[in-house]
Amino acid sequence: MHQLFAPVVFNHHVTGDYWLLEVEAPQIAGPLVPGQFVNIRIGTGLTPFLRRPFSVYRVSRDRRRLQVAYKVLGEGTQLMSKMLHTGGECDLIGPLGHGFTLPPKAERIAVVGRGIGIAALPTLVDLATENGIEVHGFLSARSRPNLVATDVFEEHGFPVHTHVDGEGTFKLVTDHLSAAMETLHFDAVYVCGSNRLARAVHRLAEARGIPSEIAMEQHMACGFGDCHGCVIAVNTDRSCRETVWREVCHYGPVFQTWEVVNAST
């Protein structure tokens, strides 16, 4: 883990509500595992007081630069879009947390994301490509301008299924995944988005006896477990009879779906 004042390569609007930040941070980009995150301090004053956690969207081929895709929503991200200029510096800590794992000898995987949750997946797509694994994308958003990362799949020649609320014959993006599973075998499924999406992916994966992992979205102020502000209930085994409290930043943000789905009910 390193704290850097990383030079900003660019920070610009991409589409819809989304922006893309790229910084020069080889100490973080080099060892980073897909699914890990960085914590960014925005501004130099007391507001906003806490750092903001962001999934790493992509890492450059030479592993010197990393990208963060973010949605301009609250005070922190609004300041990010205005204050982090090309040639300036970004105060960030990383890499943080535990990332995704690929099954040995995997040949085909599915990644499912909704909204800004999609931002946790492109690094996994890139790693799978390096390992000769075929990736199918299933991406969802409330509106078409807020669909991001489709170009990542197209770059690698992978199929990507997109779902926009109110469009098409399927009600949910997981309906696309379910249809694909009728004819294709996936060695694992990865998801980031809403709890409803996580439960649907978990059910599909469990029915076929394949592993599934989820990148949890949580407010992670410190990023390494000291503040205990991001605890969630986690199942201790697949029987789901006992739960414990775990810090998402320290034990995650990636978990097996059985660990977190229905753990709080």
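Contact order normalised by length for the chain, with contacts defined as Cα pairs under 8 Å and 6 or more residues apart; what percent is it?
Normalised by residue count, the contact order of the chain is 18 percent.
Which cysteines in the chain lack any other cysteine whose Cβ sits under 4.7 Å from their own Cβ?
Cysteines of the chain left without a disulfide-compatible partner: 90, 192, 230, 240, 249.
At what distance in angstrom do the alpha carbon centres of region 50-80 and region 163-233 lie from each other?
Going from one Cα centre to the other spans 21 Å.
Can you give me the distance in nm between label points at residue 167 and residue 144, each placed 7 Å from the Cα along the Cα-to-Cβ direction?
Here the answer is 0.5 nm between the modelled labels.
Nearest 5 percent is fine: what portion of the DSSP beta bridges confined to the chain is antiparallel?
65 percent
Sort 136-144, 199-207 by the packing proxy (mean of other Cβ within 10 Å over each peptide's residues), most packed first.
The most tightly packed comes first, giving 136-144, 199-207.
How large is log10 of I(q)/I(0) for region 108-260 at q = 0.09, 0.21 Å⁻¹ when the intensity is taken from the Debye formula with one equal scatterer per alpha-carbon?
-0.29, -1.36
What lysines does residue 82 reach when the alpha-carbon gap must be under 20 Å and sequence neighbours fewer than 8 apart in one chain are set aside?
By straight Cα distance, residue 82 reaches 71.
For every other residue with a beta carbon closer than 13 angstrom to the beta carbon of residue 201, add +1 if it is Lys or Arg and -1 if Asp or Glu, then tell me the sum.
Here the count lands on +2.
What lysines sit close enough to residue 105 to cross-link, taking a C-alpha to C-alpha distance under 23 Å and skipping anything fewer than 8 places away on the same chain?
Within reach: none.
At 7 Å along the Cα-to-beta-carbon direction for both residue 241 and residue 47, put a label point, then send me their distance in nm to one decimal.
So the label points at residue 241 and residue 47 sit 5.3 nm apart.
Report the gain in length on full extension from residue 75 to residue 207: 0.36 nm times residue separation, minus Cα-Cα distance, nm rounded to one decimal.
43.3 nm
Report for region 19-92 the percent antiparallel among DSSP-assigned beta bridges with both residues inside it, nearest 5.
In region 19-92, approximately 100 percent of DSSP beta bridges are antiparallel ones.
State the antiparallel share, in %, of DSSP beta bridges confined to region 108-260, rounding to the nearest 5.
Counting only bridges with both partners in region 108-260, antiparallel ones make up about 30 percent.
Checking a compactness column here: for the chain, what do you get for Rg(Cα) / (2.2 N^0.38 Å), N being the number of residues?
0.97
Looking at region 75-182, which GluC sites (Glu not before Pro) are DSSP coil and have at most 14 other C-beta atoms within 10 Å of their C-beta?
Those that pass, being in a loop and sparsely packed, are 107, 167, 182.
What would the Debye formula give as log10 I(q)/I(0) at q = 0.23, 0.25, 0.26, 0.28 Å⁻¹ for the alpha-carbon point model of region 1-69, no solvent?
-1.10, -1.24, -1.30, -1.40
Bear in mind that the values in this text are calculations on the coordinates, not laboratory data. Values in this document were obtained by computation on a predicted structure and should not be read as measured data. For neighbour counting, all protein chains shown are included, and Cβ atoms are generated from backbone atoms with ideal geometry for every residue, glycine included.
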